[in-house]
Every structure is written in C-alpha cells, then in structure tokens.
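One structure is given below, encoded as structure tokens.
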Amino acid sequence: MPQAHIIGTGSAVPKRVLSNKDLEGIVDTSDKWITRRTGIKERRISSKAEDESTTGLGTRACIKALEMAGISPESLDMIAVGTVTPDRQFPGASCMIQKELKADNAYAFDVSAGCSGFLYALAMANDSIRAKSCHNALIVGAERLSSILNWSDRGTCVLLADGAGAVVLSSKKKKGGILSTHMKSDGSLWELLYSSYGNSYTPEILHGLDVKPFYLKMEGNRLFKRAVECLTSIAEEALRHNSLSCEKIAFLVPHQANIRILQAVAKNLGIPLEKVYMNVQKYGNTSSASIPIALDEANRNGRIKKGDHVLFAAFGAGLTWASAMVKWSI
C-alpha cells in the first residue's frame, strides 16, 4: 500500500502587522494583558489593497509548496482547503485557488472544521493516496479571521489573525510519511465557539479590511478547558496507535491557539516546551492555517530533520479536534 509523504511546504501572511500596542487604541486592553494571557505580541491582518484575500494568500502558500516539492500544478490530483472564511459562500476557496494555479487536472473541495480544518483535509488526502485514487495532493489551510471579528470584544479580537499554509502530499512506495490520522467531533458543544449574524465596526487603523456579515462568538473559559482535554487525548491516541513515546517525538506542531493552552498540553503529555513548535507570538491564532504556517517555518529553518517523528494536533469550532503522526521525508 502506498504511503503519503509531505514533499513540500509553503506559507503566506499579510504585510500589515497589528501589534498589541496598536490594539490598545482599538479596545480596552494592554500589551501586558494580551501577552500574559495569550503569548501573542503581534499578528497579521489582510488588506484589499494588497490582494490578500483567502484565495490570494492560499495561492501564494501553494506556489511556495509546489516549488519546494518540484512538481507542477498540472500534476495535482486533489486540492483540499481547510477554511471557515472563504471569499464567497460558494464557489469554495479550493476552486478559486485551482483557477489561480491552473491546476486543471485536480478536483477541489473545501473542508469546514474550524481550526481542525487543515488536519481534516490532510486525513482525507492521506486516505485517498493510500486507496490509490490520488497520487499528488495539495492540502491548504487559509483564513482571514479579521473579516469575522467583533473589534469591540477584547476576548476574541486580540487572538485572531490572517494567513495561509500549504503542504504537497505525494504517493511513495517507501515507508514513512503520514503514519496515522485521528479525528473527533462533538456537535453538542457548538455554542462554545460559533458565528453570529451581524456586522461589527471596522477600526480606522484597519482601513481596507474586507468584512463579512457575521462575527465570531466564543465562551473562552469553558473552551480553554475543553481544548486542553481534547488536544491531550487526541495526541495520546496518535502516540498509542504508533507505539511511540513522547521521547521519540522530535516536535509537536500544534494549532497555535494561545500559549497557555500549548503549555498545558505539553505538561499533560510530558513533552518539554523546547519540543513544542510555537510561533503564536508572531502570527496569533490563524485557525486552520496555523499548523501549516508553523510547519513551513520549522521546515525552512531546518528545525525538522529527515526521519524525525512529528506530531500534529488541532482543536476548533464544531467542536472538532484531530491529530496526525508523520515521519518526516524531506
């Protein structure tokens, strides 16, 4: 049975940097408060003037991943995009990215699973490759969460941001690559994180923001506790499935929700923080884009070596949570 190997990574973030100091002029908060509670120092916010749509950011990330992989868009069989902020209700972001790439031989679809969207899409592509119905797949996480924020709510607007990341999966006969994927959901807890109709005002400092007719609502305290529980359990499931101990893991690359969640999960798993890849301080929470952005950064910085075991874990609206175990191939 063929194995799905990651052979290329890419990412793209908006040019505009919104610092904690900038947020002090928008909402009742402070750099000290944000840093202590989230670990975030700055985040990237898209602008229509820079063509930083979900499609635009996703396409840029895909081009970088394809260049690293050394394959052409025409070689793709599948494009799967995890997103909750496509540019239109339909067609999906995947079809718009397919158009930009001219990947005419691929079929394309979106996955709406909140912050777990990238790992859900990765699991679907892995299954297709193992079933021999797909050879090359492009898996993307792309979000413009700035378009669905209530800029009067300091509990959410300080957390979320925009960006995109992508990986190329390819079928190989050699062992390794994606060893397993694991997915869970609990729709009974949907009210902990959901969208509500209505527009929020756009702060003057964020001119050029392309907003949608709904905004995000979150019950932070209950969501925090559940996130730690679910991320811990789904990571442990991946470890058990592959008969691996935490000592054998080179890196945990988690969804970059906030630093306190990541610290709690690492403590529960017994993984030292130096093995938890974190860039939430620079980019904030970019939902389904956060894992592929972090993975691309770690890969390009030489932090991940060929043969390393890398564990992914995500948690998001739905509620959904997922993990994947990968033996690095690049």
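Test GLU74 against the stated conditions and say whether it is within 19 Å of VAL167 (Cα to Cα) and among the charged types (D, E, K, R). Full working, then the answer.
Working: within 19 Å of VAL167 (Cα to Cα): yes; among the charged types (D, E, K, R): yes.
Yes: the conditions hold for GLU74.
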If you go through the range 140-198, how many residues are within 16 Å of the chain's Cα centre (by Cα) and without any contact (Cβ under 8 Å) to a residue 40 or more places away in the chain? 0
Within the range 140-176, tally of residues that are in contact with a Cys (Cβ under 6 Å, 6 or more places away or on another chain) and surrounded by fewer than 23 Cβ atoms within 10 Å (Cβ to Cβ): 1
Filtered residue count, the range 99-134, keeping only those that are part of a loop (DSSP other than H, G, I, E, B) and of a type in the set (Lys, Arg): 2
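Each row is one residue, and each column tells you yes or no for (1) aliphatic (A, V, I, L, M); (2) assigned to a strand (DSSP E or B); (3) modelled with pLDDT of 95 or more.
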| position | (1), (2), (3) |
| --- | --- |
| ALA289 | yes, no, yes |
| ILE304 | yes, no, yes |
| GLY307 | no, no, yes |
| ALA314 | yes, yes, yes |
| ALA324 | yes, yes, yes |
All-but-one check, GLU204 against (1) in contact with a Phe, Trp or Tyr (Cβ under 8 Å, 6 or more places away or on another chain); (2) free of Cβ contacts under 8 Å to residues at least 12 places away in the same chain, failing number (1)
If you go through the range 273-293, how many residues are crowded, with 24+ Cβ neighbours inside 10 Å and hydrophobic (A, V, I, L, M, F, W, C)? 4
Taking GLY25 as the residue in question, decide whether it is surrounded by fewer than 20 Cβ atoms within 10 Å (Cβ to Cβ), small (Gly, Ala, Ser) and farther than 21 Å from GLN98 by Cα. yes
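To keep it simple, each residue is scored yes or no on (1) modelled with pLDDT of 95 or more; (2) small (Gly, Ala, Ser); (3) within 25 Å of LYS212 (Cβ to Cβ); (4) in a helix (DSSP H, G or I).
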{"position": "ALA4", "(1), (2), (3), (4)": "yes, yes, no, no"}
{"position": "ILE7", "(1), (2), (3), (4)": "yes, no, no, no"}
{"position": "SER11", "(1), (2), (3), (4)": "yes, yes, yes, no"}
{"position": "GLU52", "(1), (2), (3), (4)": "yes, no, yes, no"}
{"position": "THR55", "(1), (2), (3), (4)": "yes, no, yes, yes"}
{"position": "ARG60", "(1), (2), (3), (4)": "yes, no, yes, yes"}
{"position": "LYS64", "(1), (2), (3), (4)": "yes, no, no, yes"}
{"position": "GLU67", "(1), (2), (3), (4)": "yes, no, no, yes"}
{"position": "VAL81", "(1), (2), (3), (4)": "yes, no, yes, no"}
Given (1) out of contact with any Pro (no Cβ under 8 Å at 6 or more places or on another chain); (2) surrounded by fewer than 22 Cβ atoms within 10 Å (Cβ to Cβ), VAL84 misses just (2)
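The values are calculated or read from the model by the stated rules, or taken from the named source; none is laboratory data. Being a predicted model, the structure only gives us computed values, none of them experimental. Neighbour counts are summed over all protein chains in view; Cβ atoms, including those assigned to glycine, are modelled from backbone coordinates with ideal geometry.
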